[in-house]
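Have a look at the structure below before the remarks.
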Amino acid sequence: GTNVEVDRANSKLKLIDKVGADTTTTIKAWNNKGEVVAEKTVALKKATPAITTVTMAYDKATLTASVTAKDQYGVAIAAPVGKYYSSDSAIFTVNELTGVVTKVKAGTALVRFVSADGVWAREISVTLN
């Protein structure tokens with residue numbers, strides 16, 4: 001239609017122009033005989049994507065804490081900028097920018113993340129042997 005097209009390289013919808021109001025568009029798939037074999041109505045929202053969910057995880061293999069975010073449509077979006085902290089630097093320290101944990105001694109402590117704007121804060125328990 002006039003609002004979206006299918007990006008065939010990665011099978012995703014591509015916005016042609018900004019959506020001026022909430023609307024819908026119908027995506028159809030045809031077979032080689034020109035028959036519609038599937039169709040799906042997709043909502044297009046005027047609102048600019050904004051962070052609504054921030055999740056924190058810890059990767060034991062890389063000793064790294066990280067945050068991920070999703071927008072109001074459930075789509076991955078850039079995580080907020082912020083810093084990581086250790087709740088007990090006698091157990092481990094945390095690189096405030098990368099979330100990489102450095103063991104001081106065996107034990108359990110928290111890695112905290114706080115966004116630069118103070119809106120988002122998350123923490124995760126980390127045990128090092």
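The values are calculated or read from the model by the stated rules, or taken from the named source; none is laboratory data. For clarity, every value in this text was computed on a predicted model and none was experimentally measured. Here Cβ is always computed from backbone atoms with ideal geometry, including for glycine, and neighbour counts include all displayed protein chains. Quick note on the areas: whole protein, heavy atoms, side chains included, nothing else; ligands and nucleic acids left out. Shrake-Rupley method; radii C 1.70, N 1.55, O 1.52, S 1.80 Å.
What is the mean projected area of the alpha carbon convex hull for region 71-111, to one decimal in square nanometres? Provide the component values of the computation, followed by the final result.
Details: hull surface 14.7 nm².
Directional mean of the projected Cα hull area for region 71-111 stands at 3.7 nm².
Of Leu97, Leu63, Leu128, which has the most accessible area with a 1.4 Å probe, and how do the rest follow in descending order? Mind dumping the intermediate values first?
Values: Leu97 125, Leu63 70, Leu128 20 Å².
Accessible-area ranking of Leu97, Leu63, Leu128, largest first: Leu97, Leu63, Leu128.
With r defined as the distance between the Cβ atoms of Asn95 and Ser125 and R0 fixed at 22 Å, what FRET efficiency is calculated, to the nearest 0.05?
On the way: r = 18 Å, r/R0 = 0.83.
For R0 = 22 Å, the calculated efficiency reads 0.75.
Which loop-located trypsin sites (Lys or Arg not before Pro) does region 50-129 contain, where loop means any DSSP state but H, G, I, E or B and the Cβ has at most 10 other Cβ atoms within 10 Å? All intermediate terms of the calculation are to be shown ahead of the outcome.
Numbers: sites: Lys60, Lys70, Lys83, Lys103, Lys105, Arg112, Arg122; in loops: Lys60, Lys105.
Hits after loop and neighbour filter: Lys60, Lys105.
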Distance-filtered residues of region 52-80 - backbone nitrogen under 19 Å, label point 7 angstrom along Val104 Cα→Cβ
63-65
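For region 25-73, just run the numbers: alpha carbon Rg, then divide by 2.2 N^0.38 Å, N being how many residues it has. Write down the numbers at each step before the final one.
Values: Rg = 19.3 Å, N = 49, 2.2 N^0.38 = 9.7 Å.
Taking the Cα Rg and dividing by 2.2 N^0.38 Å, one obtains 2.00.
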Once label points are set 7 Å from the Cα along Cα→Cβ at both Ala50 and Asp22, what is their separation, rounded to one decimal in nm?
1.5 nm
Spelling out what I want: for every residue of region 41-47, take phi, set θ = phi - 60°, compute 6.51 cos²θ - 1.76 cosθ + 1.60 (Karplus), and round to whole Hz; glycine and proline get x.
8, 10, 7, 10, 9, 6, 4
Spelling it out for Thr53: with amide H atoms placed in the peptide plane at 1.01 Å from N, the residues 5 or more places away or on another chain with amide H under 5 Å from its amide H are Lys70
At 1.4 Å probe size, with no ligands or nucleic acids counted, give the accessible surface of Glu5 in Å², nearest ten.
90 Å²
Cα centre as origin, Lys/Arg/Asp/Glu Cβ charges: the chain dipole, Debye
180 debye
Sorting Val67, Gly107, Ala90 by the position of each Cα along the dipole of region 44-129 (Lys, Arg +1; Asp, Glu -1; all at Cβ), the one nearest the positive end of that ordering is Val67
